[in-house]
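Participant: Just passing along the structure, written as structure tokens.
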Amino acid sequence: MAEIKLNKTELKAQKNQLDQLTKYLPTLQLKKQQLQAEVENLKNSVARLSDELEMQKKKLQSYSLLFSELLTVDLRQLILIENVEVETENIAGVEVPVFRNVIFKKGEYSFFILPLWVDKAADDLRSLISMREKLKIADQRLMLIQEELRQTNIKVNLFEKRMIPKCKENIKKIKIFLGDQEIAAICNAKIAKDKLKRKELVTAEA
């Protein structure tokens with residue numbers, strides 16, 4: 001790092017920088033708090049969705065024997081995803097995805113040639129898939145917010161532990177130097193004045 005210049009121009013520049021840093025730091029700290037709260041909320045949301053997904057999987061175990069029946073239609077054709085609808089929102093300056101819905105392809109089959117349980121099973125499987133996609137989006141949101149929190153933490157620490165203390169140290173150093181120069185200038189002026197007086201006395205006595 002280059003040495004600072006010990007002059008009034010540099011003093012002003014360091015004071016301006018310190019002013020900007022101290023004004024911006026509270027904004028960063030507020031953002032950090034918002035992100036921390038959002039991370040906790042998202043962790044709880046992910047945990048809840050994971051539990052719901054496991055419960056839905058257990059619910060589908062009741063179909064395990066029925067799935068072994070020979071059907072005239074491939075059940076997988078009834079749960080094919082056509083589109084996952086996702087929007088975005090801004091959280092503390094971060095664009096994150098928001099799960100909206102899963103659109104499934106229309107399956108063509110006759111109600112008359114399939115067992116009655118197939119329709120219910122297909123609905124339950126779609127619910128499971130929707131939960132899975134929602135959990136994926138929640139994980140993405142959490143990952144993005146955690147990364148932003150990490151970056152914000154770095155900035156806050158940089159401001160608090162390095163940049164602001166360094167500015168204060170530089171200002172103190174420049175002030176001490178300028179103060180010493182001022183004292184030296186006063187002393188030199190006094191010495192010069194005393195010399196002039198002695199010279200005037202010598203001249204007067206001559």
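Participant: Go through (1) over 20 Å from the mean Cα position of the chain (by Cα); (2) surrounded by 12 or more Cβ atoms within 10 Å (Cβ to Cβ) for residue 191 and report which single condition fails.
Facilitator: Among (1) over 20 Å from the mean Cα position of the chain (by Cα); (2) surrounded by 12 or more Cβ atoms within 10 Å (Cβ to Cβ), residue 191 violates only (2).
Participant: Quick one: is residue 86 among the β-branched types (Val, Ile, Thr), surrounded by 12 or more Cβ atoms within 10 Å (Cβ to Cβ) and at pLDDT below 95? I'd like the intermediate steps shown before the answer.
Facilitator: Numbers: among the β-branched types (Val, Ile, Thr): yes; surrounded by 12 or more Cβ atoms within 10 Å (Cβ to Cβ): yes; at pLDDT below 95: no.
So residue 86 does not fit the description; no.
Participant: Against the definition (free of Cβ contacts under 8 Å to residues at least 12 places away in the same chain, assigned to a helix (DSSP H, G or I), among the charged types (D, E, K, R) and closer than 30 Å to residue 94 by Cα), how does residue 162 come out, yes or no? Before you say what the answer is, go through the steps one by one.
Facilitator: Numbers: free of Cβ contacts under 8 Å to residues at least 12 places away in the same chain: yes; assigned to a helix (DSSP H, G or I): yes; among the charged types (D, E, K, R): yes; closer than 30 Å to residue 94 by Cα: yes.
For residue 162, the condition - free of Cβ contacts under 8 Å to residues at least 12 places away in the same chain, assigned to a helix (DSSP H, G or I), among the charged types (D, E, K, R) and closer than 30 Å to residue 94 by Cα - is met.
Participant: Got at least one residue in the stretch 115-125 being among the aromatic types (Phe, Trp, Tyr) and either more than 21 Å from residue 42 (Cα to Cα) or over 35 Å from the mean Cα position of the chain (by Cα) (or both)?
Facilitator: Our first condition is that a residue be among the aromatic types (Phe, Trp, Tyr); within the stretch 115-125, this holds for 117.
Next, only the ones that are either more than 21 Å from residue 42 (Cα to Cα) or over 35 Å from the mean Cα position of the chain (by Cα) (or both) stay: 117.
Yes; the residues of the stretch 115-125 include at least one that is among the aromatic types (Phe, Trp, Tyr) and either more than 21 Å from residue 42 (Cα to Cα) or over 35 Å from the mean Cα position of the chain (by Cα) (or both).
Participant: Still on this structure: Look through the stretch 84-105, keep the residues that are touching a Leu at 6+ places or on another chain (Cβ under 9 Å) and charged (D, E, K, R), and return whichever of them is nearest to residue 143 (Cα to Cα).
Facilitator: Checked the stretch 84-105; the qualifying residue nearest to residue 143 (Cα to Cα) is 95.
The values are calculated or read from the model by the stated rules, or taken from the named source; none is laboratory data. Note that the structure is predicted; figures quoted are calculated from it, not measured. All Cβ positions, even for glycine, are placed from backbone atoms using ideal geometry, and neighbour counts span all protein chains on display.
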